[in-house]
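Take a look at the structure set out below.
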Amino acid sequence: RVRGLHLPATLGDFPSQEDPVLERYFKGHKAAITSVDFSPSGKQLATASWDTFLMLWNCKPQARAFRFVGHKDVVTSVQFSPHGNLLASASRDRTVRLWIPDKRGKSSEFKAHTAPVRSVDFSADGQFLATASEDKSIKVWNMYRQRFLYSLYRHTHWVRCAKFSPDGRLIVSCSEDKTIKIWDTTNKQCVNNFSDSVGFANFVDFNPNGTCIASAGSDHTVKIWDIRVNKLLQHYQVHSGGVNCVSFHPSGHYLITASSDGTLKILDLLEGRLIYTLQGHTGPVFTVSFSKGGELFSSGGADAQVLLWRTNFDDLNCKDMIKRNLKRLHFDASPHLADIYPRTPHPHEGKIETIEINPKLEVIDLQTSPPVVDVLSFDSTTTTDTTTVRTLADKSEEISGYFLNPSLLSSECCPTSLKKKTEDVSDLPSESQRSIPLALTDALEHIMEQLNVLTQTVSILEQRLTLTEDKLKDCLENQQRLFNVIQHKS
C-alpha cells in the first residue's frame, strides 16, 4: 500500500479499510473529559471528567452506562486494574478512590496527598498503585493490603503523571519543574533525569517493552527517549498546540497523540513519521488510549464527547506481540534490539503522504445516548446506593473485606444485567433508611476527619524529613570534598 494515496472504497467519500474509522461516540458527561481507559477485555470503557463523575460505558450499542458519584471535585485520571476487577481514580479533591466497576457503587478512599492528585497507575501485576500529585510527590500503595507504602520526593513543582514500567522495576514521572525522572522501585531512588529548558511534559509513559519512554510536551512536541543509553531518539513537532496525552499501540510500533490543537495524530515509530491526523473533536483533546489489544482507541476532550475509533491500519497479530513483550519482562532480561530507532532523518516535516481523516460524526443508529444509571458511592458510613435499598441480609457483607483481596473478585463486571430505573443523584438516603444510627455516623465521620488530618501531618513530616536527609547528604559530600582538597595540599 502507498500510504500517501487515499483511495475511497467506492465512489462515495468513505475511508479505506486500512484507515482508522470513527465507530461511535458517547455523550453523558457534562464537562470536559480528562481521562479514558479500556477494560482488559476491551468490552468496557471508563472515563473521567471535570463534572466530578466517572462513567463506565459498555461498547455494545445501547447498553446501559453507569455514572459513579463520590468525588467532590474534578476527576483527573482513571484506570482499570490489570484484572479488570477494580477501577482507580484521582481527583482534585486530594483523594484517590478504588471502585468496584458494577452497579453497587462500592469504593475505597485513600487520603495521603496534601494537594490535587493528577494521575493513577497500576503496576502490571496489579499489586501496586502509583499516584502523582501537585504536592510534588509520587506515592506508591499496596493493593492487597490497601495501604500506603512510600513516597518519592525530588520534583520541585507539581507532578503531572507517574507510570510503572512493564516489569514494575521502574517508575517514570513528569513535572512542571521541566524534568522527567526515572525511579527505582527497589531502593526508592531517582536513577535518571531528563530535563527540558523549553516546556514541561504533560504526560509520560513507557513503551510496551520498557526500553523507551514517550513524553507529551507543553511546547507542542512529542519526544521518545531511550532510557538505557539516556538518549533522545525521536523528536516530533507535528502539533500546533500543547500535547496532553500519548498512548503506545501494544506492538510498540505506533504512538497516538492528543493535543490542544483539537487533533489526534498517529506516528509510525519504525519509519519515524506522521501517518494520520484525526479530526472529530470540536475543541482541545485531553486524553487518548489504545485498548489492550490495540484494535480500538478512544479519545476525549473539552467538547465533553468520548469518541471510539477502530484502528484498522495495523494488521499485525496484537496478541502474539503482547505475548512476545511479556516474555521480555523476565527479571534478568537483557536489552532488546527490537527498538524504535528511526529510519528517516529528523526533524519531521509535513509530508504529502500524511493522511487526514475528518469524520462528520454521522454514525448511523448510534447517535442516541445510552441510558445512564447513577451509582452513589458509599463506604462504612453509608449503606445505600441509588438503585436499591439494601436489605438486612446484606448488612453482614463487610466493605473492607470486599476490598482487602482484589484477586478474589471476578475479572469482568458487566453492568448490562441491571434492570432498575435511574434515580436522581441528589436523593440521599433518609435517616429511616440508614442501617447505622445518625449519631454513630457523625461520630465515625469525625474520627475519619481526625485521621485524615493525622495522615496529612505525617505526609508533611515525611517530606520535611526527606528534604533534611538531602541537605545532610549535600553537607557530607561538601565535607568530603574539603577533606580531599586539604589532604591533597598537605
Of the residues in region 56-74, those that are in contact with a Gly (Cβ under 8 Å, 6 or more places away or on another chain) and either within 22 Å of Lys111 (Cα to Cα) or in a loop (DSSP other than H, G, I, E, B) (or both) number 4
- Is it the case that region 341-364 has a residue that's of a type in the set (Val, Ile, Thr), under 24 Å from the mean Cα position of the chain (by Cα) and either at pLDDT 50 or above or outside the structural domain of Asn230 (by the TED database) (or both)? no
Any chance Asn202 is open to solvent by 10 Å² or more (accessible area, probe 1.4 Å) and touching a strand residue (DSSP E or B) at 6+ places or on another chain (Cβ under 9 Å)
yes
| query | With respect to Thr466, is the statement that it is under 21 Å from Phe110 (Cα atoms), surrounded by 10 or more Cβ atoms within 10 Å (Cβ to Cβ), touching a residue at least 60 places away in the same chain (Cβ under 8 Å) and among the hydroxyl-bearing types (Ser, Thr, Tyr) true? | reply | no
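So, Val140, is that one farther than 19 Å from Gly217 by Cα, β-branched (Val, Ile, Thr) and open to solvent by 40 Å² or more (accessible area, probe 1.4 Å) or not? Working first, answer last.
Working: farther than 19 Å from Gly217 by Cα: yes; β-branched (Val, Ile, Thr): yes; open to solvent by 40 Å² or more (accessible area, probe 1.4 Å): no.
So Val140 fails the test.
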In region 90-137, residues that are open to solvent by 30 Å² or more (accessible area, probe 1.4 Å) and of a type in the set (A, V, I, L, M, F, W, C) total 2
Going through (1) in contact with a Ser or Thr (Cβ under 9 Å, 6 or more places away or on another chain); (2) modelled with pLDDT under 95 one by one, Cys245 fails only at (2)
message: Based on this model, can you work out whether Ile256 counts as modelled with pLDDT of 90 or more, within 16 Å of Asn244 (Cα to Cα) and part of a strand (DSSP E or B)?
response: yes
Given (1) farther than 16 Å from Thr185 by Cβ; (2) touching a Lys or Arg at 6+ places or on another chain (Cβ under 7 Å); (3) of a type in the set (Val, Ile, Thr), Thr131 misses just (1)
Condition set under 23 Å from the mean Cα position of the chain (by Cα) and β-branched (Val, Ile, Thr), scope region 257-285, selection most open to solvent (accessible area, probe 1.4 Å): answer is Thr282
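Yes/no matrix, rows are residues, columns are (1) of a type in the set (D, E, K, R); (2) touching a residue at least 24 places away in the same chain (Cβ under 8 Å):
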{"residue": "Lys178", "(1), (2)": "yes, no"}
{"residue": "Lys188", "(1), (2)": "yes, yes"}
{"residue": "Val198", "(1), (2)": "no, no"}
{"residue": "Phe203", "(1), (2)": "no, yes"}
{"residue": "Thr221", "(1), (2)": "no, no"}
{"residue": "Arg228", "(1), (2)": "yes, yes"}
{"residue": "Asn244", "(1), (2)": "no, yes"}
{"residue": "His249", "(1), (2)": "no, yes"}
Restricting attention to region 237-256, the residues that are in contact with a Phe, Trp or Tyr (Cβ under 6 Å, 6 or more places away or on another chain) and open to solvent by 10 Å² or more (accessible area, probe 1.4 Å) number exactly 2
Of the listed residues (Ser91, Ser35), the one being modelled with pLDDT of 95 or more and within 30 Å of Thr354 (Cβ to Cβ) is Ser35
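For the subset of region 207-229 comprising residues that are in a strand (DSSP E or B) and touching a Leu at 6+ places or on another chain (Cβ under 8 Å), which member is surrounded by the fewest Cβ atoms within 10 Å (Cβ to Cβ)? Steps first, answer last, please.
Taking region 207-229 as the starting set, the residues that turn out to be in a strand (DSSP E or B) are 212-217, 222-226.
Restricting the remaining residues to those that are touching a Leu at 6+ places or on another chain (Cβ under 8 Å) gives 212, 214, 222-226.
Values: Cys212: 23, Ala214: 27, Val222: 25, Lys223: 23, Ile224: 24, Trp225: 23, Asp226: 18.
By that ranking, first place goes to Asp226.
The values are calculated or read from the model by the stated rules, or taken from the named source; none is laboratory data. None of the values given here were measured: they were computed from a predicted structure. Cβ atoms come from the backbone with ideal geometry, glycine included; neighbour counts cover every protein chain shown. Heavy atoms of the whole protein, side chains included, go into the accessibility calculation; ligands, DNA and RNA do not. Shrake-Rupley method; radii C 1.70, N 1.55, O 1.52, S 1.80 Å.
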